[in-house]
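To start, the structure under review is shown below, and the notes come after it.
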Amino acid sequence: MTAGEETPVVRYARQGPVATVTMNRPDYRNAQNSAMTYALDRAFYRAADDDEVKVVVLAGEGRHFSAGHDIGSPGRDAHLPFERRAGLWWDHSDKTGAESRYARESEVYLGMCRRWRELPKPVIASVQGACVAGGLMLAWICDLIVAADDAFFADPVVRMGIPGVEYFAHPWVMPPRIAKEFLYTGDRMPAQRAYQLGMVNRVVPSAELADRTRELAERIAEMPRMGLALTKRAVNQAEDLQGLHTGLDSVFGLHHLAHAHNAETAPDPLGGMDIKKMKEAGS
């Protein structure tokens with residue numbers, strides 16, 4: 001929990017062979033602060049360590065899966081130190097400028113997402129409503145995505161002068177020209193369009209999302225544990241051979257060049273785009 005929030009920011013529940021990890025900040029469209037990120041990390045470790053768990057479902061409480069990284073809620077905690085888990089970068093909280101931002105985002109954004117992608121059990125994203133910016137990162141590290149028919153996907157951070165979110169998987173989860181349009185416009189991509197492009201596996205009625213996701217998880221859980229783990233590793237390795245791993249590194253550098261440019265030429269490293277301005281622009 002974080003200051004001002006009385007309920008856990010992430011819930012964990014297991015039913016049979018399926019563990020469900022639920023982001024739980026519905027009043028803020030499940031915006032991801034550091035407390036949520038580290039709670040997700042603990043939940044994924046818990047699922048990995050539990051021999052009864054064969055499949056993990058990642059969900060969001062309320063109307064939206066996740067509206068992205070927290071850039072303005074009362075629980076925003078980017079300035080606070082946390083025990084680092086994803087890499088060896090030093091504590092960001094007593095640093096300034098690019099050193100602070102690069103160290104923090106190497107840990108909680110790129111580092112965490114990379115590690116979660118390698119969880120050796122299938123992970124299914126159950127997506128409704130907004131899946132925006134940092135929400136995309138969470139959906140994209142999952143092996144499968146089941147989307148409600150009201151789901152939409154967007155990465156509007158080019159409005160900040162930044163070339164997409166930190167986990168830049170865009171050209172791997174959609175064709176390059178579609179990725180450019182997606183980023184250049186910042187427009188919302190409806191669930192059905194995402195399905196047509198192969199970015200999501202299934203589109204289901206919103207009222208049936210949880211049940212249909214669970215049915216798929218239970219079906220997958222009938223497969224041998226080791227077979228699932230090796231199959232996941234095989235496909236992930238193929239993606240990395242197609243350049244995903246090195247691509248993430250290269251664009252992460254461009255992402256931070258953009259932050260540094262904004263810090264010199266705009267009101268702040270986000271190009272002066274706060275929550276209100278992003279909403280007014282259509283995010």
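The values are calculated or read from the model by the stated rules, or taken from the named source; none is laboratory data. Model, not experiment: these values are computed from the prediction. Methodologically, a virtual Cβ is constructed for each residue, glycine included, from the backbone with ideal geometry; neighbour enumeration extends over all protein chains shown. Remember, those area values only see protein heavy atoms, side chains included, never the ligands or the DNA or RNA. Shrake-Rupley method; radii C 1.70, N 1.55, O 1.52, S 1.80 Å.
Computed over the alpha-carbon atoms, the range 1-135 gives an Rg to Rh ratio of 0.96, Rh here being the Kirkwood radius from the mean inverse distance.
Taking other residues whose beta carbon is less than 11 angstrom from the beta carbon of residue 236, and scoring Lys, Arg as +1 and Asp, Glu as -1, yields 0. To the nearest 10 degrees, how steeply does helix 225-241 sit against the main Cα axis of the chain, on a 0 to 90 scale? It is inclined by approximately 40 degrees.
Using only helices, what value at 222 nm comes out for the chain when you add -39,500 (n - 2.57) per DSSP H run of length 4 or more and divide by the total residues, to the nearest 500 deg cm²/dmol? That calculation yields -12000 deg cm²/dmol at 222 nm. Per residue, the range 111-211 exposes 36 Å² of accessible surface when a 1.4 Å probe is rolled over the protein heavy atoms with every protein chain present. In plain terms, the chain from residue 185 to residue 233 could stretch by 13.9 nm, reckoned as 0.36 nm per residue minus the Cα-Cα distance. Estimated from the Cβ-Cβ distance and a Förster radius of 45 angstrom, the FRET efficiency linking residue 226 and residue 263 is about 0.40.
Cross-linked pairs 232/276; 180/276; 180/279: Cα-Cα separations exceed 28 Å for 232/276. Start at zero, step by 5 Å, and the Cα-Cα distances of the chain spread as 1, 6, 12, 17, 20, 19, 14, 7, 3, 1, 0, 0 percent across the bins. Approximating the spin labels as points 7 Å out from Cα along Cα→Cβ, the residue 13-to-residue 249 distance works out to 4.2 nm. The local environment of residue 275, defined by Cβ-Cβ distances under 12 Å, has a net charge of +2 under the rule Lys, Arg +1 and Asp, Glu -1. Between 172, 140, 90, which gets the highest mean-square fluctuation from a Gaussian network model of the chain, Cα cutoff 10 Å? Largest GNM mean-square fluctuation: 90.
Roughly how many debye, to the nearest 20, is the charge dipole of the range 186-275 about its Cα centre, given +1 on each Lys and Arg Cβ, -1 on each Asp and Glu Cβ, and no other charges? Display every interim value, and only then the final one.
Values: 9 positive and 12 negative charges, 97 e Å.
That gives a dipole near 460 debye.
For residue 279 and residue 96, FRET efficiency with R0 = 25 Å and r from the beta-carbon atoms, rounded to 0.05? Walk me through the numbers on the way to the answer.
Working: r = 29 Å, r/R0 = 1.16.
It comes to 0.30.
I'd like the distance separating the alpha-carbon centroids of the range 144-212 and the range 39-59, in whole Å. Spelled out, the Cα-based centre of one part sits 24 Å from the other. What the phi angles of the range 208-213 give under the Karplus curve with 6.51, -1.76 and 1.60, with θ = phi - 60°, is a coupling list of 9, 4, 4, 5, 5, 5 Hz, glycine and proline written as x. Measuring max minus min along each principal axis, the C-alpha atoms of the range 1-65 give extents of 35, 22, 16 Å (largest first).
Share of the chain's accessible area from carbon and sulfur, percent, 1.4 Å?
Working: 7210 of 13490 Å².
Heavy-atom surface of the chain belonging to carbon and sulfur, 1.4 Å probe: 53 percent.
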